[in-house]
């Protein structure tokens, strides 16, 4: 590796799995202290250092300081979620007339790929690219039948610093037989800083969506069309503090113990602005762009203070916000939803871009 590229990218061990498998981390460096650390366990973003309005760069992601923390409890911090993000009702679906029973790990449903999803796999480093836009390509092959899904699925996660303070993530996948697939990243953001001790209720959020999916007590979308956000606490079409209406008496907020719902993004095949997040305390901003059809907005409702993460900080309710672009939940059972089917010869390719800046 050349001297010039050493300033932009670095590769180092992060620990070992119980069976001795090495886990590595790759650091991608941008401008003004911007830095993304990607680890092979779960193809996860471990660290994301972003400058504030004063130029001070801090990690803005919840997570663990070492591999042991990630192995001790499954919390999805910064992880790649697959084969299917979010929930599939009754943990089953029918494809081409054949019923497929999936792992049951969330009540009677499947959540985030089941008992042993992509977040618990050690991905291999397929490529590292240095230069002005450093990148790492991680790969994992999921065998036919894993989690109950049909088909051998070969997946790639491509992390790239696509701008001075911009991280792009592209997921690709191919299959050898018809299947269902929906991948995302489950980063927990706090633009005040992971160690700030501040919650995210004062963060201002905008979501480019006119509709959301109402859910039942198991967080499965109701058998009704998407609901309009008009006149509800779910209207974030203009920048609004996350905490402004989170305590309002609303059946859907009660079911989710806050926000934990899929927003139906405006149709379009191109990458477009899905959400904007602003932190008045630090001045940090994040624009999230994607070509995914949905965005799960989760306000950290089940962080309950029983778990310590980075810096031995106890994570409590609303200590972070998740904005997860993905296919709509339970799509394999809902022909009225945008399809999540992947056939042999097709390339699944979805992109999300995290673009950071500052405001006065």
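The values are calculated or read from the model by the stated rules, or taken from the named source; none is laboratory data. In this text, all values refer to a predicted model and were calculated from it rather than measured experimentally. For neighbour counting, all protein chains shown are included, and Cβ atoms are generated from backbone atoms with ideal geometry for every residue, glycine included.
The residues on offer are 78, 82, and the sole one that is closer than 22 Å to residue 140 by Cβ and in contact with a helix residue (DSSP H, G or I) (Cβ under 7 Å, 6 or more places away or on another chain) is 82.
Answer with yes or no whether residue 12 is over 20 Å from the mean Cα position of the chain (by Cα), without any contact (Cβ under 8 Å) to a residue 24 or more places away in the chain and either part of a strand (DSSP E or B) or over 22 Å from residue 139 (Cβ atoms) (or both). So residue 12 fits the description; yes. Selection of the stretch 147-174 for residues being free of Cβ contacts under 8 Å to residues at least 60 places away in the same chain and under 21 Å from the mean Cα position of the chain (by Cα) yields 154, 156, 158. Taken over the stretch 69-85, the criterion of being without any contact (Cβ under 8 Å) to a residue 60 or more places away in the chain and crowded, with 18+ Cβ neighbours inside 10 Å is satisfied by 70 alone. Pairs are defined by a Cβ separation below 6 Å, a sequence spacing of at least 6 or placement on different chains, a first member in the stretch 121-146 that is within 20 Å of residue 30 (Cα to Cα), and a second member that is at pLDDT 95 or above and not in a strand (DSSP E or B); the pairs so defined are 138/43; 138/123.
The sole residue among 103, 116 that is within 22 Å of the chain's Cα centre (by Cα), in a loop (DSSP other than H, G, I, E, B), surrounded by 15 or more Cβ atoms within 10 Å (Cβ to Cβ) and on the phi < 0 side of the Ramachandran plot is 103. If only residues of the stretch 16-38 that are part of a loop (DSSP other than H, G, I, E, B) and touching a strand residue (DSSP E or B) at 6+ places or on another chain (Cβ under 7 Å) are counted, the one that is nearest to residue 70 (Cα to Cα) is 17.
Looking at 352, 359, which one is surrounded by fewer than 15 Cβ atoms within 10 Å (Cβ to Cβ), touching a strand residue (DSSP E or B) at 6+ places or on another chain (Cβ under 6 Å) and touching a residue at least 12 places away in the same chain (Cβ under 8 Å)? Answer to the selection: 359. You will find that of 301, 333, the residue that is in contact with a helix residue (DSSP H, G or I) (Cβ under 7 Å, 6 or more places away or on another chain) and more than 28 Å from residue 94 (Cβ to Cβ) is 301 and no other. Among strands (runs of 3 or more DSSP E) entirely within the stretch 127-192, having at least 2 residues that are surrounded by fewer than 20 Cβ atoms within 10 Å (Cβ to Cβ) singles out 135-142, 153-163, 166-175.
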